[in-house]
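Read the structure below first, then the notes.
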Amino acid sequence: MPHPTRPAPLNAADAGFAARLEGLLPPGTISAPGPRYLEEPRGRWRGTGEVLARPRNTAEVATVVRACAEARVGIVPFGGGTGLVGGQVMETGPAPLILSLERMAAVRAVFPAENVLVVEAGATLAEVQEAALAAGRMFPLTLASQGSARIGGNLATNAGGVNVLRYGNIRDLCLGVEAVLPDGSVLNGLKRLRKDNSGYDLRHLLIGSEGTLGVITAAALRMVPRPAGIGTAMLVVESPAAALELLALAEERLAGCVSAFELISKQGLLFLDEVMPEVRQPFAGRPEWMVLIELGLPRGLDPQEALEELFVAASEAGLVSDGVIAQSAGQQAELWRLRESLPDANRKIGAVSSHDISVPLSEIPGFISAAEAALAGIGSFRINCFGHVGDGNLHFNVFPMPGHARAEHDNQREAIKTCVHDIADGLGGSVSAEHGVGRLKTSDMERYGDPAKLAVLRAIKAAIDPLGIMNPGALLAERA
């Protein structure tokens, strides 16, 4: 496949361009961006940009995009700003227009009988969850950042979270999208159909594209019935291999009812002791490994009883040695607070290198042991391995030893990342499991991506966005 022609250089979104936009849009739509639009959670990048657009509807988004295309100005879509790979900030190059859909947060329609709701891209995930609950249903995507992460950003990055095991990524929960394409035309794809075989599925092309092919403005999302009973438990396991056997046992006994299955290591618990001692822990000693399991059961089944029976069976099989089963919603929240506090503790400690990888389930134990052994050959580190083991996604993060600063390992960061990613890739895994590629992992895409796939991605990008204005430098490395 021939290489697409590289687009001509872009122009900066300057004061003159801002004035032109102001003449096309209602007052208050265009302003200077505040600091939050130029930052990302880890503080690794500082974005550029002097012009912020906050449209109120899809027609205004189309006006903004059309003007950017005519002026050859880059566009960086900004959702909730929670992304961890730099997809929402552009550090170098001509200053882009920053496009926020925060004013487009309406729930357009709810169809309880169809288990569908239609929402605008600026709604936060928490607001979407609340709309589903008000309809007597549930929107099962769950993230630690759901109070600020916006549904458009979730779609653009194909967000996963803790319930992928049962409900899939957001790709599996989306029936249709409305989007503004790079020429300013509107893709009207908000059909609520489960079946539509009329050609290429453009919904799935836009989901996970990280704003490089267009701006998602609304989505038709799939709701699910709320489980009649929810059970949550923390169980101590001997090893990641035992955790996988426990998962298999749970799914065999409770087919289709295991909503979440999270692996937690001792190092994460020690980090909580060190920097977040207010987080209650269920065991007096800190086990080497434990899992957080959650069940969602239909009417007529007792979730606590189901967990007790699972514990007995797992104990008899030698898979678990201790456990706590939540007896109330408050206790469930406490167990989940521990899991959701692990990333906060990581940030307080300060990682040398963080990795969001996935491998086939059966390869998880081998990956962990191989990566730990390989890193020991680079230096002495603390490793906090945790994550959504039910879907093969691990957060494998490397930290300095006590008394040492992460800056001491700056010269080792690239070697650490390459070591971990090489092992994951060698086991048939991915170096970008759920956080996306952004600008952080474009070189990883080149290193580990299938050449045929990369060629197709570039051809699609060139065909849909020939000017290269959509989120320049994200997802695909810019060619010299």
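Tabulated data for the structure shown
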quantity	calculated
Accessible surface ranking that places the most exposed of HIS204, HIS404, HIS395 first, with a 1.4 angstrom probe	HIS404, HIS204, HIS395
Sites matching GluC sites (Glu not before Pro) across segment 272-323 that sit in DSSP coil, with at most 16 neighbouring C-beta atoms within 10 Å	GLU278, GLU288
The chain: calculated mean residue ellipticity at 222 nm from DSSP helix runs of at least 4, using -39500 (n - 2.57)	-9500 deg cm²/dmol
For THR217, residues with placed amide H under 5 Å, excluding near neighbours	GLU178, ALA179, VAL180
Amide H partners (placed H, <5 Å) of HIS395, local residues excluded	PHE386, GLY387, HIS388
Theoretical gain in end-to-end length, ARG194 to ALA317 [0.36 nm per residue, Cα-Cα removed]	40.1 nm
Gain in span if fully extended, LYS453 to LEU361, counting 0.36 nm per residue against the direct Cα distance	30.7 nm
Cβ-Cβ FRET estimate between ALA106 and ARG42, R0 fixed at 41 Å, reported to 0.05	0.85
Surface per residue (accessible, 1.4 Å probe) for segment 382-447, Å²	38 Å²
Computed label-point distance, nm, for sites LEU133 and SER380 using a 7 Å Cα→Cβ extension	4.8 nm
Share of alpha-carbon pairs per 10 Å distance bin for the chain, given as whole %	4, 19, 28, 26, 16, 6, 1, 0
DSSP bridge pairs, the chain: antiparallel proportion in percent, nearest 5	85 percent
Potential extension, ALA126-ALA113 segment - 0.36 nm per residue separation minus Cα distance	2.5 nm
Beta bridges per DSSP with both ends in segment 1-132, % antiparallel, nearest 5	45 percent
Placed amide H near GLY229: partners under 5 Å, 5+ positions off or other chain	LEU297
Distance in nm between pseudo-label sites at ALA19 and ASN411 (7 Å out along the Cβ direction from Cα)	5.2 nm
Relative contact order of segment 1-99, defined on C-alpha pairs under 8 angstrom at six or more residues apart (%)	37 percent
Accessible surface, per residue, of segment 285-329 when the full set of protein chains is kept, probe 1.4 Å, Å²	50 Å²
Accessible area expressed per residue, segment 99-201, with surrounding protein chains retained (probe 1.4 Å, Å²)	41 Å²
Protein accessible area in the chain, 1.4 Å probe - carbon and sulfur %	52 percent
Longest exposed-site-free window of the chain, the sites being chymotrypsin sites (Phe, Trp or Tyr not before Pro) in a DSSP loop that have at most 15 other C-beta atoms within 10 Å	1-199
Cα-Cα over 31 Å, subset of LYS195/LYS461; LYS417/LYS461; LYS266/LYS453; LYS348/LYS441	LYS266/LYS453
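The values are calculated or read from the model by the stated rules, or taken from the named source; none is laboratory data. The structure presented is a predicted model; accordingly, all values stated were derived computationally and were not measured. Heads up, the Cβs are rebuilt from the backbone with ideal geometry, glycines too, and the neighbour counts pull from every protein chain shown. To get the accessible areas, we keep the full protein, side chains included, count just its heavy atoms, and leave off ligands, DNA and RNA. Shrake-Rupley method; radii C 1.70, N 1.55, O 1.52, S 1.80 Å.
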